[in-house]
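Asks: One structure, as structure tokens, below. Some questions next.
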Amino acid sequence: MNPSKRIQTLPPYLFAEVDKKVAKAKNEGKDIINLSIGDPDLGTPKPVVEKLYEAAKNPDTHHYPSYVGMKDLRLEISSWMKKRFNANFTDDEICVLIGSKEGIAHLPLGIINPGDYGIYPDPGYPVYRTSIMFADGNPIQMPLKEENKFLPDIDELNKKIRNLGKKPKLMFLNYPNNPTSAVTDLKFLKEVVEFAIENEILLCYDNAYSEMTFDNYAAPSIFEIKEARETAIEIFSFSKTYNMTGWRIGFAVGKSENLNLLKKVKENFDSGVFNAIQIAAIEALKSKEVESEVKKNMKIFEERRNVVCEKLEEFEAEFEKPKATFYIWIKINKEKFNGKESVSMKFCDKAIEKGVVLTPGVGFGEYGEGFVRIAITQSKERIIEGIERIKEMF
Ligand SMILES: Cc1ncc(COP(=O)(O)O)c(C=O)c1O
């Protein structure tokens, strides 16, 4: 069978290569510490799991769900948006997703025509670029550079798009950021919203890590900028906040005219999230017990971050202590790892030899080259053991 051009033009999936190397090391009987996974280890809060048991026992939940999600869940999300960000959205302006990845992957199909431009951050969550390509669009790279604290340079972006001769239609943006763990503030978001309005771009703000923050930093919503309502949709996830990666549930928020672009695609392609999971998600949003468990979990991540950062400082690694996410983005000492091939890949290969799996920065795009990502999604002891094993590599 001949694969489609779509498949053929995909960039190599470096994470699959890493997986192969890990499988080989495991076969050789090595003790592997995996610090590459963006999947929290702490387990879903008990009241959410119990709600799922209860709901799943009721045959009424076993039918096809609604395309946009249960009204009760959308109403709960609406209250959460109000409470958390003082943002006003009716239940019609909310759409439940089969995980935020699904929404990101489907959105370009609702707005991109063949050849249209879509902007994606580099380094960034790989699905942004791929989804633009799968809609036959032209992905436009938006570098996130260390000297700009991993925020895009909007002046540079303006220059770039003037040279395109045609305005882009879509832009993905993500803070707190995967993989760099950079955060942002309302001043910068205002600049982005103005840019999007001026250029008539649909801004897709991916806020998957909105609740994974430390040191009393609260991540903003794009909708804290009033004008964003005109130009943006925002995507949230239950995966990271509630340790629900396997449940596959998230949601998108935006005024109907914008959100309908996504809803139309979804109506034709998928059949929603299992109702019992949606009922459990209501519990996640409204239960006080869950709220305090989430706070406790964030303290655990914060403590892990503190001890890991202390160790990394001791080993003279070059990095910024993250204020959010469960990632630490480290600049590789190029003197130790130079050569023709990717420094990121070389670093990760060497780490696997020592029984530690890390994510090569270049897997997130060209501008991730020279960096490596550590995820603190294992016990404190295992993470420390892992970075001890590779300490002379920094
Ligand atoms: C930035 C970002 N967005 C979205 C997702 C997808 O999350 P989910 O589909 O589990 O909601 C991830 C997962 O790692 C991510 O890092």
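The values are calculated or read from the model by the stated rules, or taken from the named source; none is laboratory data. All values derive from a computational prediction rather than experimental measurement. FYI the Cβ positions are ideal-geometry reconstructions off the backbone, even for glycines, and counts take in every protein chain you see.
Asks: Among the residues of the stretch 33-46, are any on the phi < 0 side of the Ramachandran plot and exposed (fewer than 12 other Cβ atoms within 10 Å of the Cβ)?
Replies: no
Asks: In the stretch 98-131, which residues are more than 16 Å from P176 (Cα to Cα) and either touching a His at 6+ places or on another chain (Cβ under 8 Å) or of a type in the set (D, E) (or both)?
Replies: If the condition is that a residue be more than 16 Å from P176 (Cα to Cα) and either touching a His at 6+ places or on another chain (Cβ under 8 Å) or of a type in the set (D, E) (or both), then E102, D116, S131 are the ones that fit.
Asks: Then there is this: Being of a type in the set (F, W, Y) and under 23 Å from V183 (Cα atoms) is true for just one of F337, F319. Which residue is that?
Replies: None of the other options fit; the residue is F319.
Asks: Mind checking which residues of the stretch 223-238 are outside any helix (DSSP H, G or I) and not aromatic (F, W, Y)?
Replies: Within the stretch 223-238, I225, K226, E227, A232, I233, E234, I235, S237 qualify.
Asks: Pairs under 6 Å by beta carbon, first residue over 15 Å from A219 (Cα atoms) and of a type in the set (S, T, Y) in the stretch 232-247, partner more than 8 Å from the ligand (Cβ to nearest atom) and not in a loop (DSSP other than H, G, I, E, B), six or more apart or different chains?
Replies: Every condition considered, the pairs that remain are Y242/A284.
Asks: Next question, about the same structure. Check K350, K321 and return the single one that is basic (K, R) and without any contact (Cβ under 8 Å) to a residue 24 or more places away in the chain.
Replies: Every option except K321 fails the conditions.
Asks: Still on this structure, I have one more. Before we move on, is K226 touching a residue at least 24 places away in the same chain (Cβ under 8 Å), surrounded by fewer than 20 Cβ atoms within 10 Å (Cβ to Cβ) and over 29 Å from K5 (Cβ atoms)?
Replies: No; evaluated as a whole, the condition is false for this residue.
Asks: Among (1) outside any helix (DSSP H, G or I); (2) surrounded by 15 or more Cβ atoms within 10 Å (Cβ to Cβ); (3) outside the structural domain of E381 (by TED's automatic domain parsing), which single condition is P322 missing?
Replies: It fails just one condition, (3).
Asks: Here are some conditions: (1) assigned to a loop (DSSP other than H, G, I, E, B); (2) surrounded by 15 or more Cβ atoms within 10 Å (Cβ to Cβ). V372 meets all but one. Which one does it not meet?
Replies: Looking at each condition in turn, V372 falls short on (1).
Asks: Then there is this: Consider only pairs whose beta carbons are under 8 Å apart and that are at least six residues apart or on different chains; among these, list those whose first residue lies in the stretch 197-217 and is more than 15 Å from A105 (Cα to Cα) and whose second residue is of a type in the set (F, W, Y) and away from the ligand (no atom under 13 Å from the Cβ).
Replies: Hits for this filter: I201/F195; M212/F301; F214/F301.
Asks: So, one more: Filter the stretch 128-145 down to the residues that are closer than 19 Å to K5 by Cβ and more than 13 Å from the ligand (Cβ to nearest atom), then identify the one that is surrounded by the most Cβ atoms within 10 Å (Cβ to Cβ).
Replies: I132
Asks: On to the next question. Applying the selection to the stretch 208-238, what residues are under 20 Å from N297 (Cβ atoms), touching an Asp or Glu at 6+ places or on another chain (Cβ under 8 Å) and within 16 Å of the ligand (Cβ to nearest atom)?
Replies: A219
Asks: Moving on to the next point. Can you work out which of the residues in the stretch 107-127 that are within 16 Å of the ligand (Cβ to nearest atom) and closer than 18 Å to I7 by Cβ is surrounded by the most Cβ atoms within 10 Å (Cβ to Cβ)?
Replies: P108
Asks: Here is a follow-up. Being more than 25 Å from F172 (Cβ to Cβ), more than 16 Å from the ligand (Cβ to nearest atom) and not in a helix (DSSP H, G or I) narrows it down to one of E283, E303, E316, E310, so name that one.
Replies: After ruling out the rest, the residue left standing is E316.
Asks: In addition: Which of the residues belonging to the stretch 39-52 are aliphatic (A, V, I, L, M) and either within 16 Å of the ligand (Cβ to nearest atom) or not in a helix (DSSP H, G or I) (or both)?
Replies: Residues satisfying the conditions are L42, V48.
Asks: If S36 meets every condition in (1) away from the ligand (no atom under 16 Å from the Cβ); (2) touching a Cys at 6+ places or on another chain (Cβ under 9 Å) apart from one, which number is that one?
Replies: The one condition S36 does not meet is (1).
Asks: Moving on. Test of understanding: among I225, I277, which residue is among the β-branched types (V, I, T) and under 30 Å from D116 (Cα atoms)?
Replies: Going through I225, I277 in turn, the sole match is I225.
Asks: Exactly one condition in (1) surrounded by 18 or more Cβ atoms within 10 Å (Cβ to Cβ); (2) under 21 Å from the mean Cα position of the chain (by Cα); (3) not in a helix (DSSP H, G or I) is not met by M81; state its number.
Replies: (3)
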